[in-house]
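Q: Below is a structure I'd like to ask you about.
Read the figures in this text as sums done on the coordinates, not as results from a lab. It should be emphasised that the depicted structure is a prediction, and the values quoted were computed from it without experimental measurement.
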Amino acid sequence: MISLIDDLLIFLRGHPLVEGVRVIEYDETPAGKLEAKIRCRFSRIYQFQIWLHIEPEFQDYAHQLFTDKPLLRWDNTPYYPDIPTAPHHFHNEHGGVSISLLEGKPMEDLKKVLAEIEKWLSTLT
């Protein structure tokens, strides 16, 4: 799975929002378990983090844009079963929770998340 992390890092380093990338946590086992945390700097104000926990039977993830507090977050914790896209869901900057376009496919999800962040940031100017 190191190729997955490499692919994510290559994509992030080439993305116009990203000013810096570092791997905060990485653990992979021969049995196919992966836990990784990647953090990016978007500007002096914004940071972005990807957390992945992948095992052969399941996958957990969280993508988060933050400053000194969380702003936007996508994850698949099973806390919102009534949302049509459960367990996938989105937390907005006001604390609301709604549907998510993510499917648990790390590279495809990352592209969707960054596109949504770009849209959100464009509303601030």
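Q: How many angstrom separate the Cα center of segment 85-125 from the Cα center of segment 2-31?
A: Segment 85-125 and segment 2-31 have Cα centres separated by 19 Å.
Q: Decide, for segment 2-122, between rounded, prolate and oblate: order the square roots of the alpha carbon gyration tensor eigenvalues as a ≥ b ≥ c, take rounded if a/c falls under 1.5, and otherwise choose prolate if a/b is larger than b/c, else oblate.
A: Oblate, since a/c reaches 1.5 and b/c is not below a/b.
Q: Continuing with this model, one more query. What's the tally of Lys pairs in the chain whose alpha-carbon atoms lie under 20 angstrom apart, where the two lysines are 8 or more places apart or on different chains?
A: 7
Q: Further, regarding this structure: Note the full-extension length gain between Glu57 and Thr77 as 0.36 nm times their separation in residues minus their Cα-Cα distance, in nm to one decimal.
A: Result: 5.7 nm gained on full extension.
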